[in-house]
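**Student:** What follows is a structure written as structure tokens; I'll ask about it next.
The values are calculated or read from the model by the stated rules, or taken from the named source; none is laboratory data. Since this is a predicted model, take the numbers as computed values, not measurements. Positions of Cβ are generated from backbone atoms using ideal geometry, with glycine treated the same way; all protein chains shown enter the neighbour counts.
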Amino acid sequence: MSADFMPVAGKIMDFLSCSILFAGVDAAWQAHLETLLQARGLRVKSVADGRSAFAGFDEDLPDLLVVPARLPDMPATQLCQRLRLNAATRGIPVVVLLPEANSRQEAEILERGADCCFSMADNPLLLVFRICALLREYDEDLAGREGVVFRQPRIVIMTAPGGVLWAWSDRQKPADFEPIRGGQPYLVELLQQNGEDALLVEDPEKLDLSGIASSRACPDCVVVDLACPAFDGLALARTIAAFRRRSRQCTRIMGMVEHGGLSGEQVARAFHAGIDDLLDADTPVDLLVSRIGSLVRRKTLQDEARREEAHIESARARMALADALRRVNADLAAANRKLIEAQAKLVQSAKMASLGELAAGIAHEFNNPLAFVLAHENTVKRSMVKALHAVRSQDLVTAETALQKGSERLSASLIGLSRMRDLVASLRRFSRLEEGEFRRLDVPEAIGMVLTLLAPKLGQDIEVTCKLEAPPELVCQAALVNQVVMNIVSNAADAILDKRRETIQNSEPMLSHADRILITSFLEQAENGKGEEYVIQISDTGPGVPKELQERVFEPFFTTKPVGSGTGLGLATAYGVVQAHGGNVVVTNASTLGGACFTLRVPYRAGEERRGDNVA
């Protein structure tokens, strides 16, 4: 009979990766079973008792465990309970071998956690069928089951009047049994009274197979009457198994045959149809309920194990995503640091470009006092020689006159040298790289330094007026004045000079008033009502900025100057500096002087010095 079953099992699944552990099983009976199991590709191991079985679980977990009802060191029920208490061993199916058929003992063992009981007096083929059915894999899709809640087992009974299961229920019903609904088999009434969600379906066409595709409506077990004349039980089992595979659910299928119908051919067809447990009409009611409970418990354990695996995989995926996010954040931080460094270098480059533009005027500022000092040096030398000769000739009046003249020339030279010293100090302060630090800055002093550097460009024809009403100290970056104010004032001077040249070329009459640049500062309430803003306005008498260009003047490399006369970085750098302070800068033609008006607004910081988070 086993030969009829072997090829069917070979078609259903590959058992090469499955291992079976025999614990405390009789050696002769185990040898007979090993032959049948190894013929189907199953690997078999054996230990002497339950203690040895648990000791080996640390190294290798079996796929199925076969034990007798009473092991040398513990009963099978105790072994099952210990297995179910540990998450690692909870899903291992357990087959208990009984010396002889005993329905009461079998029901008790199944209730205590076993998955199958088998009498050693029965055909071993039935045991092979149960083992293969327990090892059968189900591709259950647990996606979308994160919110799984407890529910009573859902069991569907497929039978009709004239079927063996219907008649079996009538025979098993006690005389004093009181049905709740009536008109349905005793098995359905019994399951409902035990708390299970049991449903009788007499017509296969009324079986809602689409419910199997839904995890919420999926039955845990379907009991099919294989001897019912109203439908083909095996065909129905194959249909349910097909829906089970397509819907990725693991609904269990139990079949009931007539008395004496458990032949080898029937077992092979049942396994091939996807049936997980097979019994005949002689099965007592308590045992049948226990075996249904065993199938449901087995399904629940597999659900739980796969759900835990899904959670573990999800956690690993989240950890991998978090690691990737940390790496991306680190890369972004590195890129941000490089960008800040590049911005600082851009500020320095724009500053050096401004110094290059002012180089001629600065050279002139150096040459004037230097030539003055050198010219007076010879005068002082001649005066000293003349005074020395007068002292030797006792002409004190001539000596005093020569010494007085030399002293006057030395005082005039000292003024020129002080001018050169101040100019060098201003250049050093202006060109330093420490402008990313927020520190207390004396705004009037810094503006004075900028005007000193711009003096050659402003000349004698452009009057600069400062009305600084805001507090002199401001916690800010030095670039706020060194770069922003200097670039705007320099551009204002260029605009005034261009306007003057254009007026001369067009032979237009010059205005009577002098060209002016007005620098004002004051405190103003912030628009959001939180704190005050430090406002610096720079107005000029130039031609102003056309309205269509007012939004573009702060774009990098945008310039209205001729090619070679401007880099287009001055106002772009100024905009970046103001943004780094959390402020803003706008340009309008609403100046009281008739030209452009640049308005800088930054939060008024009167607190401690700090390192800037952003460097312009």
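**Student:** Return yes or no: is ALA526 modelled with pLDDT under 80, touching a strand residue (DSSP E or B) at 6+ places or on another chain (Cβ under 7 Å) and not polar (S, T, N, Q)? Reasoning before the result, please.
**Tutor:** Numbers: modelled with pLDDT under 80: no; touching a strand residue (DSSP E or B) at 6+ places or on another chain (Cβ under 7 Å): yes; not polar (S, T, N, Q): yes.
It is false that ALA526 is modelled with pLDDT under 80, touching a strand residue (DSSP E or B) at 6+ places or on another chain (Cβ under 7 Å) and not polar (S, T, N, Q).
**Student:** Taking the stretch 448-501 as the search range and keeping residues that are in contact with a Gly (Cβ under 6 Å, 6 or more places away or on another chain) and of a type in the set (Lys, Arg), which one is modelled with the highest pLDDT?
**Tutor:** The selected residue is LYS499.
**Student:** If the requirement is being farther than 30 Å from LYS338 by Cα, at pLDDT below 80 and surrounded by fewer than 15 Cβ atoms within 10 Å (Cβ to Cβ), which of these qualifies: PRO562, PRO546?
**Tutor:** Values: PRO546 fails: at pLDDT below 80.
One residue alone meets the criteria, PRO562.
**Student:** Follow-up question, since we're still on this one. Return only the number of the condition from (1) surrounded by 14 or more Cβ atoms within 10 Å (Cβ to Cβ); (2) modelled with pLDDT under 80; (3) in contact with a Lys or Arg (Cβ under 8 Å, 6 or more places away or on another chain) that LYS173 does not satisfy.
**Tutor:** (3) is the only condition that LYS173 fails.
**Student:** Another question, if that's okay. Among the numbered conditions (1) at pLDDT below 80; (2) more than 53 Å from the chain's Cα centre (by Cα), tell me where ASP232 comes up short.
**Tutor:** Result: ASP232 passes all but (1).
**Student:** Return yes or no: is GLY261 in contact with a strand residue (DSSP E or B) (Cβ under 7 Å, 6 or more places away or on another chain), modelled with pLDDT under 85, farther than 20 Å from ARG136 by Cα and small (Gly, Ala, Ser)?
**Tutor:** yes
**Student:** Name every residue in the stretch 41-75 that is among the aromatic types (Phe, Trp, Tyr) and within 16 Å of PRO93 (Cβ to Cβ), in order of residue number.
**Tutor:** If the condition is that a residue be among the aromatic types (Phe, Trp, Tyr) and within 16 Å of PRO93 (Cβ to Cβ), then PHE57 is the only one that fits.
**Student:** Further question on the same structure: Note down all Cβ pairs under 9 Å where the first residue falls in the stretch 330-353 and is surrounded by 12 or more Cβ atoms within 10 Å (Cβ to Cβ) and charged (D, E, K, R), the second is assigned to a helix (DSSP H, G or I) and modelled with pLDDT under 75, and they're at least six residues apart or on different chains.
**Tutor:** LYS351/PHE430; LYS351/SER431; LYS351/THR573
**Student:** For the structure I just gave you, tell me whether VAL267 is of a type in the set (A, V, I, L, M), touching a Leu at 6+ places or on another chain (Cβ under 8 Å), over 20 Å from ARG136 (Cα atoms) and at pLDDT below 90.
**Tutor:** On the way: of a type in the set (A, V, I, L, M): yes; touching a Leu at 6+ places or on another chain (Cβ under 8 Å): yes; over 20 Å from ARG136 (Cα atoms): no; at pLDDT below 90: yes.
Considered against the rule, which asks whether it is of a type in the set (A, V, I, L, M), touching a Leu at 6+ places or on another chain (Cβ under 8 Å), over 20 Å from ARG136 (Cα atoms) and at pLDDT below 90, VAL267 comes out as no.
**Student:** Restricting attention to the stretch 59-80, which residues are farther than 21 Å from LEU301 by Cβ and of a type in the set (Asp, Glu)?
**Tutor:** Once the filter is applied, which keeps residues that are farther than 21 Å from LEU301 by Cβ and of a type in the set (Asp, Glu), the stretch 59-80 yields GLU59, ASP73.
**Student:** Next question. Do you know which of the residues in the stretch 260-312 that are β-branched (Val, Ile, Thr) and in a loop (DSSP other than H, G, I, E, B) is surrounded by the fewest Cβ atoms within 10 Å (Cβ to Cβ)? So that I can check it myself, show each step before the final result.
**Tutor:** Let us first name the residues in the stretch 260-312 that are β-branched (Val, Ile, Thr), namely 267, 275, 283, 285, 289, 292, 296, 300, 312.
Remaining after also requiring in a loop (DSSP other than H, G, I, E, B): 275, 283.
Details: ILE275: 25, THR283: 18.
It comes out as THR283.
**Student:** SER521 fails exactly one of the following numbered conditions: (1) modelled with pLDDT of 85 or more; (2) crowded, with 24+ Cβ neighbours inside 10 Å; (3) polar (S, T, N, Q). What is the number of that condition?
**Tutor:** Tallying (1) modelled with pLDDT of 85 or more; (2) crowded, with 24+ Cβ neighbours inside 10 Å; (3) polar (S, T, N, Q), SER521 fails exactly one: (2).
**Student:** Just to check your reading of the model, which residue among PHE372, PHE438, PHE430 is modelled with pLDDT under 80, touching a Ser or Thr at 6+ places or on another chain (Cβ under 8 Å) and surrounded by 17 or more Cβ atoms within 10 Å (Cβ to Cβ)? Show your work before the answer.
**Tutor:** Numbers: PHE438 fails: touching a Ser or Thr at 6+ places or on another chain (Cβ under 8 Å); PHE430 fails: touching a Ser or Thr at 6+ places or on another chain (Cβ under 8 Å).
Step by step, each of PHE372, PHE438, PHE430 is checked, and only PHE372 is modelled with pLDDT under 80, touching a Ser or Thr at 6+ places or on another chain (Cβ under 8 Å) and surrounded by 17 or more Cβ atoms within 10 Å (Cβ to Cβ).
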